[in-house]
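First comes the structure, then the notes that go with it.
The values are calculated or read from the model by the stated rules, or taken from the named source; none is laboratory data. For clarity, every value in this text was computed on a predicted model and none was experimentally measured. With ideal geometry, Cβ positions are generated from the backbone for all residues, glycine too; neighbour counts draw on all protein chains shown. For the accessible areas, the whole protein counts, side chains as well, though only heavy atoms, and no ligand, DNA or RNA atoms are used. Shrake-Rupley method; radii C 1.70, N 1.55, O 1.52, S 1.80 Å.
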Amino acid sequence: AGTLNGFGLFHSTDRGETYVERSNGLPTTTDEITIRHIEVMPGDSSKVFVMGEKDTGVWGEGFSRVRGFVYASTDGGLNWSPLGGSNFPFPSLTRWLWIDPTDTDTMVVMTGIFDRESDVNNPDYASGPGVGVYRTTDGGTTWTPSNAGMDTTKSLFVGGFDKSPTNSKTFIIATGNNTDSLIKNVGGAVYRTTDGGVNWTDVSPKPPFWNPWYIDTFTAVAYAPSDASIVYVASADAVYRSSNGGITWTRYDGGFGAPYGPEGIRSGVPIDMVVDPDDPDVLYINNYGGGVFKSTNGGQTW
């Protein structure tokens with residue numbers, strides 16, 4: 001379990017009944033890091049990776065400017081060391097990690113989220129755009145940007161990620177940032193890769209018919225474990241469902257400009273989603289500033 005503001009990382013061996021701190025090597029005493037994600041090496045639970053953010057203390061246009069990290073453990077979390085040559089080598093928070101199960105030295109880290117800004121200077125704004133994804137083929141010693149096919153006029157803050165349950169190198173990411181959309185008038189996008197993050201295809205949903213200039217901020221994505229052709233993408237305004245693996249989408253919202261969710265309830269900003277392992281039409285979404293919502297008809301009602 002990862003915590004925020006330098007409180008560290010904790011490990012349980014009894015299904016969460018009790019926890020022991022496992023922060024040795026993490027910069028919790030010198031930096032108030034926030035841990036955003038934990039990833040375990042496929043097939044080897046002694047190798048663990050943690051990602052997250054370090055607040056730079058500098059304010060951007062609307063949120064803090066932060067940097068990101070990937071720390072690795074080879075002894076089940078007893079000791080940690082940074083990957084990438086320094087404590088915070090990424091100019092944006094690190095949100096997700098994909099490990100190639102056929103070559104575990106190859107990994108992709110997704111950076112950004114909707115309510116943090118990157119530690120990149122911009123002549124027109126208090127911070128720069130998102131930096132997208134980074135890829136390594138040497139186990140994390142070196143990382144290079146891997147954004148081929150992405151639209152650089154759209155937001156590159158990657159808040160949502162999920163991988164296909166049937167193809168290890170196929171995954172979809174969702175991008176968007178509130179500062180980009182509200183201040184810079186820059187929307188997010190949805191991208192799909194079939195080669196482990198080397199190349200990306202823009203598969204963003206089309207704007208609603210009633211507003212061709214509509215800008216959306218995509219924040220979460222989920223595959224259906226029982227049917228890889230079913231994928232969901234969500235924003236604060238709408239939930240989108242694909243029945244062809246993320247190529248085309250059907251939009252569901254509250255109607256007449258209202259956001260998705262139960263009528264009369266603020267749905268909030270989706271931070272993550274999960275699909276029932278047996279029923280591709282049963283979907284749960286957890287939201288910032290809202291709640292946890294369930295749909296039993298593929299996102300149409302909640």
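Taking the alpha carbon gyration tensor of segment 56-139, multiplying each eigenvalue by 5 and rooting it gives semi-axes of 27, 14, 10 Å, largest first. A straight chain from residue 14 to residue 124 at 0.36 nm per residue would run longer than the Cα-Cα distance by 34.4 nm. At an R0 of 22 angstrom, the distance between the Cβ atoms of residue 153 and residue 247 translates into a FRET efficiency of 0.50.
Both radii are taken from the alpha-carbon atoms of the chain; with Rh as the Kirkwood radius, Rg/Rh is 0.95.
Were the residues from residue 210 through residue 195 laid out at 0.36 nm apart, the gain over their Cα-Cα distance would be 1.8 nm.
Report the FRET efficiency, 1/(1 + (r/R0)^6), for residue 5 and residue 86, where r is their Cβ-Cβ distance and R0 is 30 Å, rounded to 0.05. After rounding, the FRET efficiency stands at 0.90. In the context of the full set of protein chains, segment 100-143 has a per residue accessible area of 39 Å² (1.4 Å probe).
Going by the alpha-carbon gyration tensor, a ≥ b ≥ c the square roots of its eigenvalues, is segment 106-253 rounded (a/c under 1.5) or, if a/c is not under 1.5, prolate (a/b greater than b/c) versus oblate?
oblate
What does the charge add up to near residue 151, with Lys and Arg as +1, Asp and Glu as -1, over the other residues with Cβ less than 15 Å from its Cβ? Mind dumping the intermediate values first?
Details: positive: 154, 184, 192, 206; negative: 180, 202, 216.
Net charge in that neighbourhood comes out at +1.
With 30 Å as the limit on Cα-Cα distance, the pairs of 47/294; 206/294; 54/184 that go past it are 47/294.
Using a 1.4 Å probe on the protein heavy atoms, what percent of the accessible area of segment 56-135 belongs to carbon and sulfur?
48
The fraction of accessible area contributed by carbon and sulfur in segment 142-206 is 48 percent, rounded to a whole number (1.4 Å probe; ligands and nucleic acids excluded).
Around the amide H of residue 19, modelled in the peptide plane, lies no amide H under 5 Å away from a residue 5 or more places distant or on another chain.
When shorter helices are ignored and each DSSP H run of at least 4 residues is given -39500 (n - 2.57), the per-residue value for the chain at 222 nm works out to -500 deg cm²/dmol.
Classify segment 244-295: rounded, prolate or oblate, from the alpha-carbon gyration tensor (a ≥ b ≥ c, eigenvalue square roots; a/c under 1.5 rounded; otherwise prolate if a/b is larger than b/c)?
oblate
The Kirkwood radius of segment 27-170, taken over pairs of alpha-carbon atoms, gives through the Stokes-Einstein law at 4 °C and 1.567 mPa s a diffusion coefficient of 83 µm² s⁻¹. Take residue 183, project a point 7 Å from its Cα along the Cβ direction, then tell me which residues of segment 18-36 have their backbone nitrogen under 18 Å from it. Correct set: none at all. Residues whose amide H comes within less than 5 Å of that of residue 215, counting only those at least five positions distant or on another chain, are absent (H built at 1.01 Å from N in the peptide plane). In plain terms, the chain from residue 288 to residue 74 could stretch by 73.7 nm, reckoned as 0.36 nm per residue minus the Cα-Cα distance.
Protein heavy-atom accessible surface, 1.4 Å probe, per residue over segment 1-41: 63 Å².
Each principal axis of segment 1-60 carries a Cα extent, and these read 40, 25, 19 Å when sorted largest first.
Taking packing as the residue-averaged number of other Cβ atoms within 10 angstrom, the listed peptides 200-208, 12-20, 154-162 run from highest to lowest as 154-162, 200-208, 12-20. Accessible surface of residue 288, taken over heavy atoms with a 1.4 Å probe and every protein chain present, rounds to 80 Å². FRET efficiency for the residue 104 to residue 266 pair, using the beta carbon distance and R₀ = 30 Å, is estimated at 0.10. Considering all alpha-carbon pairs of segment 211-302, what whole percent are spaced by more than 18 angstrom? In whole percent, the share of Cα-Cα pairs in segment 211-302 beyond 18 Å is 37.
Residues whose amide H falls under 5 Å from that of residue 130, counting only those 5 or more places apart or on a different chain, are 156, 157, with hydrogens built in the peptide plane.
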